[in-house]
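Shown next, in structure tokens, is the structure this report addresses.
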Amino acid sequence: MLTNLQILIESGESEHLEFKSSFGGVTGGVTGGVTGGVTGGVTGLFDFIKNNPGKNSKEIKKALNLSQRTLERGLKQLKDHNKVMFKGIPKTGGYYIIDKEIIAWMNKND
């Protein structure tokens, strides 16, 4: 939104100035930053699991320095989008990326 502002100078002359009222810019910046942070966090989590298959949540949490809640939220997002899966029993299992090509090949050869 552009707003015009006229400033009266003591001499009685006026000068016409234009400035941007950027409430949308501030909101957009904050929203973008938060969204980017969340997306970046999930991407970092995915990359860690991809490069370190079989790690359990305790190991992932420690390696990425995440709170338990943040880790749970990220894992849920990745599982909900079929990007990772947990394999094994809770005590000794770990997280793996889901490679759709490998799964298709395995299903085809069953």
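Among the residues making up the stretch 74-95, those that are part of a helix (DSSP H, G or I) and buried (at least 16 other Cβ atoms within 10 Å of the Cβ) are 74, 75, 77, 78. Screening residue 92 with (1) polar (S, T, N, Q); (2) under 15 Å from residue 44 (Cα atoms); (3) out of contact with any helix residue (DSSP H, G or I) (no Cβ under 8 Å at 6 or more places or on another chain) gives one miss only, at (2).
Close contacts from the stretch 49-68, counting a first residue that is within 16 Å of residue 98 (Cα to Cα) and at pLDDT 95 or above and a second that is in a loop (DSSP other than H, G, I, E, B) and of a type in the set (Gly, Ala, Ser), with Cβ to Cβ under 9 Å and a gap of 6+ residues or different chains, come to 54/88; 54/93; 56/88; 56/93.
The values are calculated or read from the model by the stated rules, or taken from the named source; none is laboratory data. A quick note: this is a predicted structure, and the numbers were derived from the prediction, not measured. Cβ coordinates were reconstructed from backbone atoms using ideal geometry, including for glycine residues, and neighbour counts include every protein chain displayed.
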